[in-house]
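The values are calculated or read from the model by the stated rules, or taken from the named source; none is laboratory data. As the structure is a computational prediction, the values presented were derived from the model and not from experiment. Ideal geometry is used to build each Cβ from the backbone, glycine not excepted, and the neighbour counts take in all protein chains shown.
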Amino acid sequence: MSSQSPRILVLGAGVNGSVCAAELHRAGCNVAVLARPHRYQELTERGIEIENPLNGTRTSTKVPVIDRLDPEDIYDYILVVIRNNQMRELLPVLARNHSPCVVLMVNTALGPEAWAAELGADRVMLGFVFAGGRREGSLVRAMRVKGASTRFGELNGATTPRLTRFIGILNRSGLKAKVEPRMADWLANHASMVAPFAMLILKHGCDTRALGRSQNDLRLLADSFPEILAVLRANGRRIVPRALAVFGALPRFMLVALFRMFLSTRIAEIGGAWHCSQAPDEMNQLASELKELVARSGLPVPALRKILAEV
């Protein structure tokens with residue numbers, strides 16, 4: 001790895017790829033974006049345009065952009081910020097490239113182990129995303145939760161020099177990050193929790209407030225919560241973060257009240273409804289993966305099976 005400013009490639013120019021690349025570039029990092037043809041043209045002509053939907057502030061950042069990744073085009077870190085259902089197409093491209101560290105920032109209920117096996121486990125680092133939002137033409141409308149830190153970790157849980165260096169780069173760029181030793185479990189937990197919410201949000205036309213008014217669906221969602229934890233445990237996953245286990249022990253009426261409160265917020269609309277409206281394919285992929293975990297577990301989990309029945 002270079003002892004100078006590390007070369008960073010952000011693979012994916014959607015909401016989170018754009019946020020990552022813009023923040024890193026403004027902080028003086030040596031970063032480029034890999035984008036598909038139409039997005040490549042937008043970024044070349046207009047730069048990365050981001051608006052905060054909470055206050056309307058806008059930024060425009062001209063970041064170097066490329067439209068292909070050659071095997072000998074070496075970066076210290078490749079940040080993979082794409083939808084789950086796009087991974088299969090891009091795995092061969094990443095496997096042919098010889099960069100030493102591929103940071104998978106991709107939702108997955110099944111876990112990232114199969115992807116890591118194809119890429120080489122020693123090359124793979126894991127992480128999550130920083131923002132919620134949607135693209136409207138060339139404009140990215142995105143927000144980050146104030147004070148929240150995004151988690152990153154090695155596949156084997158070790159705190160390595162490359163991980164420590166990467167966390168430092170992100171924090172100095174204003175992208176708050178911290179180490180998570182059980183990142184593979186964390187990703188599986190998160191995606192498994194997202195999938196039922198997403199299925200019900202899609203059912204209600206991507207209107208989180210409408211879901212919040214549906215007592216029957218809120219009860220179904222609350223009943224599914226401890227079932228998800230049981231399915232994860234049956235598949236060998238630890239519950240991470242531990243707070244999820246606490247939520248899973250709450251009585252139904254408390255979970256219903258918490259879900260109703262959350263679904264009425266602007267955060268739920270931007271981070272949930274907007275994402276579901278732009279990526280129903282990914283949401284259905286996550287639900288399919290969770291459905292596979294349910295089948296593997298052999299558990300009855302009636303509420304969860306009902307939510308996933310239409311997948």
List the residue pairs whose Cβ atoms are under 7 Å apart, where the first residue sits in the range 163-179 and is basic (Lys, Arg), the second is part of a strand (DSSP E or B), and the two are 6 or more positions apart or on different chains. Lys176/Thr150; Lys178/Arg151
Quick check on Asp281: is it acidic (Asp, Glu), at pLDDT 95 or above, assigned by TED's automatic domain parsing to the domain that holds Val194 and loosely packed, with under 15 Cβ neighbours inside 10 Å? yes
Criterion first (at pLDDT 95 or above and within 22 Å of Ala131 (Cβ to Cβ)) does Ile270 satisfy it? yes
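Looking at Met143, Met105, can you tell me which residue is in the same structural domain as Gly47 (by TED's automatic domain parsing), closer than 21 Å to Gly14 by Cβ and modelled with pLDDT of 95 or more?
Working: Met143 fails: modelled with pLDDT of 95 or more.
Checking each option against the conditions leaves just Met105.
Among the residues of the range 217-232, is any at pLDDT 95 or above, in a loop (DSSP other than H, G, I, E, B) and not β-branched (Val, Ile, Thr)? Write out each step before concluding.
Here is the first cut: in the range 217-232, the residues at pLDDT 95 or above are 217-232.
Filter once more, so that each one left must be in a loop (DSSP other than H, G, I, E, B): none.
No, there is no match, as no residue in the range 217-232 is at pLDDT 95 or above, in a loop (DSSP other than H, G, I, E, B) and not β-branched (Val, Ile, Thr).
Given the criteria in the same structural domain as Ile82 (by TED's automatic domain parsing), farther than 30 Å from Leu43 by Cα and surrounded by fewer than 21 Cβ atoms within 10 Å (Cβ to Cβ), does Pro161 qualify? I'd like the intermediate steps shown before the answer.
On the way: in the same structural domain as Ile82 (by TED's automatic domain parsing): yes; farther than 30 Å from Leu43 by Cα: yes; surrounded by fewer than 21 Cβ atoms within 10 Å (Cβ to Cβ): yes.
Spelling it out, Pro161 is indeed in the same structural domain as Ile82 (by TED's automatic domain parsing), farther than 30 Å from Leu43 by Cα and surrounded by fewer than 21 Cβ atoms within 10 Å (Cβ to Cβ).
In the range 257-267, how many are under 16 Å from the mean Cα position of the chain (by Cα) and at pLDDT 95 or above? Quick ask: steps written out before the conclusion?
Narrowing the range 257-267 to residues under 16 Å from the mean Cα position of the chain (by Cα): 267.
Next, only the ones that are at pLDDT 95 or above stay: none.
Counting residues in the range 257-267 that are under 16 Å from the mean Cα position of the chain (by Cα) and at pLDDT 95 or above gives 0.
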Yes or no: Arg238 basic (Lys, Arg), more than 18 Å from the chain's Cα centre (by Cα), surrounded by fewer than 18 Cβ atoms within 10 Å (Cβ to Cβ) and over 18 Å from Leu200 (Cα atoms)? yes
Out of the strands (runs of 3 or more DSSP E) lying entirely within the range 40-151, which hold 1 or more residues that are touching a strand residue (DSSP E or B) at 6+ places or on another chain (Cβ under 9 Å), under 23 Å from Pro6 (Cα atoms) and of a type in the set (A, V, I, L, M)? 48-51, 77-80, 102-104, 124-127
Among (1) in contact (Cβ under 8 Å) with a residue 24 or more places away in the chain; (2) in contact with a strand residue (DSSP E or B) (Cβ under 8 Å, 6 or more places away or on another chain); (3) assigned to a helix (DSSP H, G or I), which single condition is Ala191 missing? (2)
